[in-house]
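Presented below is the structure to which this report refers.
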Amino acid sequence: MSPLGRVDDAPPAFRRAVESLRAPAVRPEITIEDIPAPRRLAPHAVALSANVATENDDDAAFGRLIVLFDPEGTRDWPGPFRVVAWVSADLESEIAADPLLGQVAWSWLTDALAARGAGHRELSGTVTRATTEGFAGKADQPMSTELELRASWSPESEELAAHMAVWLDLLSAAAGLPPVDVADIAHRRSRSEG
């Protein structure tokens, strides 16, 4: 993981929060990099982007995580921090047609927040399903559907390791990765046969 931007001139609480983002283990399928943070949303911010690659798809999912910090409390948040998460993934047509897809995708986030013990307030967000069809010169392209989840919440403390882990869990779920503690039986079987 990269150095998470320049925070030398930031208040100590923000520097500690940024440092805590490094704590969670990152799965080998996920590549994280530092990106420029938005400047107008808060006096201090850090941003990360991630790409999830699987055996079948180099771009199974991607996303961004932004941590905003306003020590003066001038923003309309219940506390000095706000976490903004965005995840996007292409879906198989059978999954994309599921009328409960939005609720299932949102449950990936709420379940991860609960499982990681990521104390938070004022969770809000959206789940969007977009279908793309090709016409004329692109008529031969197959139809595709993309899922996009955007969410924000206010963490209850400056310790953000659990919130980073939530984002990593969300990326893994969107990419269709098995849980870390579950072995991929098909993959193990093909190795033992080879």
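Values in this text are rule-based calculations from the coordinates and carry no lab data. Just so we're clear, the structure is a prediction, and the values are computed from it rather than from any experiment. Cβ sites come from the backbone with ideal geometry, for glycine too, and all protein chains shown count toward neighbours.
Below is a table of values for the structure above.
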{"quantity": "Antiparallel DSSP beta bridges within the chain, percent to nearest 5", "calculated": "100 percent"}
{"quantity": "Signed unit charges on C-beta, dipole axis of segment 49-117, positive-most listed residue Thr74, Asn56, Ala96", "calculated": "Thr74"}
{"quantity": "Projected-area average for the chain over all orientations - Cα convex hull basis, square nanometres", "calculated": "13.8 nm²"}
{"quantity": "Kirkwood Rh, angstrom, segment 1-93 [1 / mean 1/r, Cα pairs]", "calculated": "14.5 Å"}
{"quantity": "Ranked by how many other beta carbons lie within 10 Å on average, peptides 91-101, 63-73, 29-39 from highest", "calculated": "63-73, 29-39, 91-101"}
{"quantity": "Under-5 Å amide H pairs with His120, H placed in peptide plane, nonlocal only", "calculated": "Glu156"}
{"quantity": "Kyte-Doolittle at least 0.0, axis length at least 18 Å by Cα - qualifying DSSP helices, the chain", "calculated": "101-115, 161-175"}
{"quantity": "Derived scalar couplings ³J(HN,Hα) [segment 116-129; Karplus, 6.51 cos²θ - 1.76 cosθ + 1.60; whole Hz; x for Gly, Pro]", "calculated": "8, x, 7, x, 8, 9, 6, 6, 8, x, 9, 10, 10, 10"}
